[in-house]
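Worksheet: one structure, shown below.
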Amino acid sequence: MAVSQIILCFLSYNWAGLKILLYAGWIALGVSFVLCWLSAYELKKKGEEESHMSTTVLVDTGLYAIIRHPMYLSWMVGILALMPITQHWLSPILGVPVMVSIYLDMQQEEQHNIEKFGDDYRRYMQVVPRMNFVVGVIRLLRCRTQV
């Protein structure tokens, strides 16, 4: 379905002609790419394997000190960004199920991480929010001022 939304974006780019929505969508898409790149960079930097997807250590630095799933968040923001870029009524119909699927995958990833890292990951879950960037920044700043 994500591919369908991307194709729709090409076929119905700025369908309603609302430039403010178009610009907001492109800004959100840029944020999505930056989040994705920074999270992949942090995984690669801290990981022990060649691929950032096969990290064998718990990464809790960089973006991962703010939110637990910056890559999943980047995908959700990217899908959300396509909606105002397209401005077509089909875009939310295609995009919302993709976002729900990404969220469900993220929950499965958390279970996998609990099995993989055990109590370290459970403690990490208590300190770092799943996707709430604002709460993550506030918690990180509080921790740094208490030290």
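For this structure, a couple of remarks:
- In order through the stretch 14-27: 3J(HN,Hα) via Karplus (6.51 cos²θ - 1.76 cosθ + 1.60), integer Hz, x for Gly, Pro: 6, 3, 8, x, 8, 5, 4, 5, 4, 5, 4, x, 5, 5
- Estimated purely from DSSP H runs of n ≥ 4, each contributing -39500 (n - 2.57), the mean residue ellipticity at 222 nm for the chain is -24500 deg cm²/dmol once divided by its residues.
- In order through the stretch 56-63: 3J(HN,Hα) via Karplus (6.51 cos²θ - 1.76 cosθ + 1.60), integer Hz, x for Gly, Pro: 10, 10, 6, 9, 9, 10, x, 4
- The stretch 64-108: radius of gyration over Cα atoms, expressed as a fraction of 2.2 N^0.38 Å: 1.24
- Local electrostatic count at Val135 - Lys and Arg +1, Asp and Glu -1, tallied over other residues with Cβ under 14 Å: +4
- Whole-Å semi-axes of the ellipsoid equivalent to the stretch 52-127 (Cα gyration tensor, √5λ, descending): 30, 13, 10
- For the stretch 82-97, Karplus couplings with θ = phi - 60° (6.51, -1.76, 1.60), whole Hz, Gly/Pro x: 5, 5, x, 5, 6, 6, 9, 5, 6, 4, x, 5, 7, x, 4, x
Taken together, the values in this text are just the output of simple stated rules run on the coordinates, not laboratory data. Quantities reported herein were computed from a predicted structural model and do not represent experimental measurements. So basically every Cβ, Gly included, is an ideal-geometry build from the backbone, and we count neighbours across all protein chains shown.
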